[in-house]
1. Choose one of L39, V18, P67: the residue whose Cα lies farthest towards the positive end of the charge dipole of the chain (beta-carbon charges +1 Lys, Arg; -1 Asp, Glu; about the Cα centre).
2. In whole angstrom, how far apart do the alpha carbon centroids of segment 29-82 and segment 1-27 sit?
3. Restricting things to Cα coordinates, could you compute the convex hull volume per residue of the chain in Å³?
4. Just from its helices, what would the mean residue ellipticity at 222 nm be for the chain, if runs of 4 or more DSSP H residues each count -39500 (n - 2.57) and the sum is divided by every residue, rounded to the nearest 500 deg cm²/dmol?
5. Using DSSP to define loop residues, name the trypsin sites (Lys or Arg not before Pro) in segment 22-90 whose beta-carbon has at most 11 other beta-carbon atoms within 10 Å.
6. Just to confirm the number: angle between the C-alpha axis of helix 42-64 and the first principal axis of the chain, 0 to 90 degrees, nearest 10?
7. At 0.36 nm per residue, minus the direct Cα-Cα distance, what do S34 and A78 gain on full extension? Give it in nm, one decimal, please.
8. Please sort 9-18, 77-86 by packing, taking for each peptide the average over its residues of neighbouring beta carbons within 10 angstrom, highest first.
Amino acid sequence: MSKQPQEIKGYVLGLIGVTIFAATLPITKIAVGSADAPLMSGQFVTLARAAIAALLSALWLLWVRPPLPRGREWLWLAITASGVVIGFPL
């Protein structure tokens with residue numbers, strides 16, 4: 001039984017996403033350093049990650065051109081984004 005190309009693409013993209021997410025904790029630990037030899041502040045790392053993600057997301061949205069959220073969807077989007085972008089990393 002062969003898999004459909006879209007299904008294989010989904011598996012590959014899922015694997016890439018999980019791998020990138022799994023790498024965030026050790027990379028952040030390396031970026032922040034230790035108590036004996038601090039490198040960057042946690043706030044700087046958080047804001048840098050958010051800025052990079054925002055830039056990549058903006059480029060993706062410009063390329064794909066999805067419809068804009070409507071009405072109260074903006075509020076829920078803002079609440080979710082603030083928790084995911086700022087709250088979780090800090």
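Rule-based calculations on the coordinates, nothing more; no lab input. Just so it is clear, the model here is predicted, and its values are computed rather than measured. When we count neighbours, we look across all protein chains shown, and the Cβ atoms used for this are built from the backbone with ideal geometry, even at glycine.
1. Checked the options; the winner is P67.
2. 20 Å
3. Spread over its residues, the Cα hull of the chain gives 136 Å³ apiece.
4. On the way: 3 runs with 60 residues, N = 90.
Helices in the chain give a 222 nm mean residue ellipticity of -23000 deg cm²/dmol.
5. Working: sites: K29, R49, R70, R72; in loops: R70, R72.
Of the trypsin sites (Lys or Arg not before Pro), the ones in loops of segment 22-90 whose Cβ has at most 11 other Cβ atoms within 10 Å are R70, R72.
6. 20 degrees
7. Values: separation 44, 0.36 × 44 = 15.84 nm, distance 3.29 nm.
Roughly 12.5 nm would be gained on extension.
8. Working: 9-18: 10.4, 77-86: 11.9.
Descending mean neighbour count gives 77-86, 9-18.
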